[in-house]
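Read the structure below first, then the notes.
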Amino acid sequence: QVQLVESGGGWVQAGGSLRLNCAASGSISTIKAMAMGWYRQVPGKQRELVASVFTGGRTNYADSVKGRFTISRDNAQNTVSLQMNSLKPDDTAVYYCNARGTTLMGYLEVWGQGTLVTVSS
């Protein structure tokens, strides 16, 4: 079983920065086999991918955050972080940490509980 716990959300003015962190716990071999990422959701809209980092280190970003957000993964600590710079009011959302992949237990997808990011204009 893998569990994800996010931290680092909060309130910031437009143009500011926040850093989100996600700590994974459980089977280390399972965690290392999983891609990890951040999604976000606002009320009335579908959850959308913000950024992801794969087991080999390759990253992927939504067009709306390219150049402003940076995802990083620490395999020794089993954490994934999202550095968010030049924040805009449109970035306001609940941000969810996600881990997914084919493991020895089969395909597995896990979500954190979410952390709220509010960007004021």
If each K or R counts +1 and each D or E counts -1, the residues other than Ser17 whose Cβ falls under 13 Å of its Cβ total +2
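Show me the ranking of peptides 80-89, 66-75 by mean Cβ neighbours inside 10 Å, starting with the highest.
Working: 80-89: 19.1, 66-75: 14.9.
Top to bottom by mean Cβ count within 10 Å: 80-89, 66-75.
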Using just the helices of the chain, give the 222 nm mean residue ellipticity in deg cm²/dmol: DSSP H runs with n ≥ 4 each add -39,500 (n - 2.57), and the total is spread over all residues, rounded to 500.
-> -1000 deg cm²/dmol
Simple label model, 7 Å out from Cα along Cβ direction - Asp90 to Thr59, nm = 2.0 nm
Using 0.36 nm per residue, how much length does the chain from Gln77 to Ser17 gain when fully extended, once their Cα-Cα distance is taken away?
-> 19.3 nm
Give me the aspartates and glutamates in straight-line cross-link reach of Lys66: C-alpha distance below 16 Å, same-chain residues under 8 apart excluded.
-> Glu48, Asp90, Asp91
The chain, Cα convex hull volume normalised per residue, Å³ = 95 Å³
For Leu116 and Glu48, FRET efficiency with R0 = 22 Å and r from the beta-carbon atoms, rounded to 0.05?
-> 0.90
With labels modelled as points extended 7 Å from the Cα through the Cβ direction, what inter-label distance (nm, one decimal) is found for Lys32 paired with Arg100?
-> 2.4 nm
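Values in this text are rule-based calculations from the coordinates and carry no lab data. Since this is a predicted model, take the numbers as computed values, not measurements. Methodologically, a virtual Cβ is constructed for each residue, glycine included, from the backbone with ideal geometry; neighbour enumeration extends over all protein chains shown.
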